[in-house]
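What follows is a set of notes on a single structure, which appears directly below.
Where a number appears in this text, it was derived from the coordinates with a stated rule and is not lab data. Predicted model, so just to flag it, every value in this text is computed and none were measured. FYI the Cβ positions are ideal-geometry reconstructions off the backbone, even for glycines, and counts take in every protein chain you see.
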Amino acid sequence: MMIGVAVLAVAVGIISIFPAISSLKYDGYDKKSFIDPDVYQAIFLTNDQIYFGRLKNISSDYLILSDVYYVKVNENGAGQLVKLGAGEPHSPKNEMIINQDQVLFWENLRSDSAVVKTIQGLR
């Protein structure tokens, strides 16, 4: 009976630490190596908002995005890419800290992307 309890305790211990080990590998290696610091990234949020900018840091809790742009939809339904802080009444700085729980996914943008070309034209 004691051997069965010991085996069960070891099995529960192994099962409980496996997610922690796998998340460390994922958080520590895969995400950080995916960021290309020489290009813009697109960040897709759970509220259907998309931000474009440069990821400077990533952790399991938050993303830091600088040189931020987003699509502003006018009353006619047409979208326009605008720089964060340009015309907003609260005058934010052009950096954001985004809660990782609000991110669906993010990706690096190619230099020939229409978004990147628009950003270069706004500079």
### Task
Within segment 50-64, find all residues whose amide N lies under 14 Å from a label point positioned 7 Å from the Cα of N108 along Cα-to-beta-carbon.
54-56
### Summary
Debye calc, one equal point scatterer per Cα of segment 37-122, no solvent, log10 I(q)/I(0) at q = 0.13, 0.14, 0.19, 0.22 1/Å comes to -0.41, -0.48, -0.89, -1.18
